[in-house]
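> Below you'll find the structure I mean.
Please treat every number below as a calculation from the coordinates, not as lab data. What you are looking at is a predicted structure, and each value in this text was computed from that prediction instead of being measured. Cβ: placed from backbone, ideal geometry, glycine included. Neighbour counts: every protein chain shown.
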Amino acid sequence: MLTTSVNTDYNNDLHDWNAIEHQVEHIAKAGFTHTQWIHDWEGEYLYSKSEMFQARDILSYYGIKAHTIHATEGGQRDLFDAQGHKVPHVRERCTRIRKDYTNPNEYLRLAGVDLIKNRIDLCSHIGAKAMVLHMQLPFGMFRRSSSDMEDYYKQVCKSFDEVQPYAKAAGVKIALENLLFTPVEYELDKFERLFQRYDFDFLGLCYDSGHASIMCQDNYYLYLEKYHDRLCVTHLQDTDSVPREKLDDDVAVVQADAHRVPFTGVLDWQKIAYWVARAPLEMPADFEIGLKYNQSFESEKEELDLLSDCHERALKFHQMVLNEKELL
C-alpha cells in the first residue's frame, strides 16, 4: 500500500485548536494517511496531558496516523528590521531563549531538557515514533573560539545523555535536522560528533531537502549520501535555491526556503528516492510544504485542490522509492 504524509501546519501555525483541526480534516479529505505534527515547532510552549489526548483524538477522528512530530529547541529566533523584514538570530547564542538544552546556564539547560521530554510525551500519546529537533549552531561564536565550541557541545551532550534513557524507554528517536544559515562544515561536524557518540536507537537524521538545496551548493544530496544509514525523518520540499553569493545574507536565505511541493524546483527527486530507498526510514516520507502559507484560501475547493495535488506528488515519490527498493 502506498502511504503519504504531510505536515499539520501546511497553511498556518496558528496557536488555535480550530485552525489545527481544520488542517487535519483537510489532510484526510485529500487522501493522506499520515502526518507530521508540526504545530508549536518553535517557542517554549508545553503541551498539557489533556492537549496531548486532544491531539490524539483529533487525528483518530479523521483517520490520520501520527508518523512523526517536530519538537522545538526553545524560543523564537526571529527579529524584525526597520522595514518589517524578518531577520533570523542565528549566528550567535540567542539569549532570549529560556528553555535551551544547549545553554551554559544549568537552569536554562535543564528547562530545555524538560521541553524535549514534553515532546517525547506528545509522541507517546499520539503514536509517533520519531521527532525532529533543531540545533541552530552559534557558528559566529565557533569561528572566534574553539574552546567555546567545545563548551557548547559539552552542554549538548549533557542534555542528550539525560534525554537518551527517557526517549529510548518511550521508543522515540530524535532526528537532528540539517538547517539553514550554518555553513556546511559546521553542520557536518555536528553530525559527526553526535552520531559517533549516540546510537541510531536514539539519534538520527532529518533530511530537509529544501535546506540542502540552499546551503549545500556543491551537492544537494550530501547529507543523504553521508548519513542515509541514520535517516529516520524527512522534510521533503522544493526550492529555487539561492545564488551562492547570497549565502551570507540571512534574509535572502530564509526567503529562499520556499517549502514548495516536490517536483517544482531545482532538486532531482530520483536521486532523493535512490537514497531514501537505501535508508532505514519507515515510510511514508514526510512532506513539509507551505500552501499559501499564512494566507486565506479563496475557497475550500482551492485548498483541497492544492492538497490533492500535493498528495499525488507524495504517491509518486513513494512509488519511486519502491521502484528503487526493487533494484536492491
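> Can you list residues whose amide H is under 5 Å from Leu231's amide H, if they're 5+ apart or on another chain and H is modeled 1.01 Å from N?
Leu205
> Okay, next question. Would you mind computing, in nm to one decimal, how far apart the modelled labels at Arg98 and Arg197 are, each placed 7 Å from Cα along Cα→Cβ?
Taking the two extended label points, one gets 2.7 nm.
> Then there's this: Give me a comma-separated list of calculated 3J(HN,Hα) values for the stretch 101-115, in order, Karplus coefficients 6.51, -1.76, 1.60 applied at θ = phi - 60°, integers in Hz, x for any Gly or Pro.
Taking θ as phi minus 60°, the curve returns 5, 9, 6, x, 7, 4, 5, 6, 5, 5, 5, x, 4, 4, 5 Hz for the stretch 101-115.
> Let me ask another. Quickly rank 257-266, 28-37, 169-178 as a protection proxy: mean count of other C-beta atoms within 10 Å, highest first. Let's see the in-between values first.
Details: 257-266: 17.5, 28-37: 22.1, 169-178: 20.2.
Put in order of decreasing packing, that is 28-37, 169-178, 257-266.
> Shifting gears a bit: What does the highest-first list of 86-95, 66-75, 276-285 look like by mean Cβ count within 10 Å?
66-75, 276-285, 86-95
> For Cα pairs less than 8 Å apart in space and 6+ apart in sequence, what is the mean separation divided by the residue count of the chain, i.e. the relative contact order in percent?
18
> Need the list of aspartates and glutamates near Lys168 for cross-linking: C-alpha distance under 15 angstrom, and skip anything on the same chain fewer than eight residues off.
Qualifying aspartates and glutamates at Cα under 15 Å: Asp121, Asp199, Asp201.
> Could you tell me which label, among [x] 54, 50, 46; [y] 57, 41, 41; [z] 57, 57, 40, carries the value of Cα extents along the principal axes in Å calculated for this structure?
Only one listed value fits the structure, namely [x].
> Sequence gap at least 6, Cα distance under 8 Å: using those rules, report the relative contact order of the stretch 61-211 to the nearest whole percent.
24
> So, one more: Which of Val251, His89, Ile174 sits farthest toward the positive end of the charge dipole of the stretch 5-326, with +1 on the Cβ of Lys and Arg and -1 on the Cβ of Asp and Glu?
With unit charges placed on the Cβ atoms, the residue in question is Ile174.
> Run the quick spin-label model on Ala19 and Lys168: label points 7 Å from Cα toward the beta carbon, then report their separation in nm to one decimal.
Result for the modelled spin labels: 3.9 nm.
> Give the long-range amide H neighbours of Asp78: residues separated by 5 or more places, or on another chain, with amide H under 5 Å away, using H modelled in the peptide plane at 1.01 Å from N.
Placed amide hydrogens put His89 under 5 Å from Asp78.
> Between Phe263 and Asn294, what length in nm is gained on full extension when 0.36 nm per residue of separation is reduced by their alpha carbon distance? Please list the in-between numbers first.
On the way: separation 31, 0.36 × 31 = 11.16 nm, distance 2.25 nm.
That works out to 8.9 nm of additional length.
> Same structure again: Under the rule of -39500 (n - 2.57) per DSSP H run of 4 or more residues, summed and divided by the residues of the chain, what mean residue ellipticity at 222 nm is obtained, to the nearest 500 deg cm²/dmol?
It lands at -14500 deg cm²/dmol.
> Could you run the Karplus curve 6.51 cos²θ - 1.76 cosθ + 1.60 with θ = phi - 60° over the stretch 311-328 and give me ³J(HN,Hα) per residue in whole Hz, x for Gly and Pro?
Going residue by residue, I get 4, 4, 5, 5, 4, 4, 5, 4, 5, 4, 5, 4, 4, 5, 5, 5, 8, 6 Hz, with x marking Gly and Pro.
> So how many Å³ per residue does the convex hull of the Cα atoms of the stretch 42-95 work out to?
That works out to 134 Å³ per residue.
> If you don't mind, another one. Can you give the net charge of the other residues whose Cβ lies under 15 Å from the Cβ of Glu302, counting K and R as +1 and D and E as -1?
-2
> Per residue of the stretch 194-203, in order, report the coupling 6.51 cos²θ - 1.76 cosθ + 1.60 (Karplus, θ = phi - 60°) as ³J(HN,Hα) in whole Hz, putting x for Gly and Pro.
Per-residue couplings from phi come out as 7, 6, 6, 7, 10, 7, 5, 5, 10, 10 Hz.
> Can I ask one more? Check which residues have an amide H placed less than 5 Å from Ala130's amide H, if you skip close sequence neighbours.
Result for Ala130 returns Ile69, Lys173.
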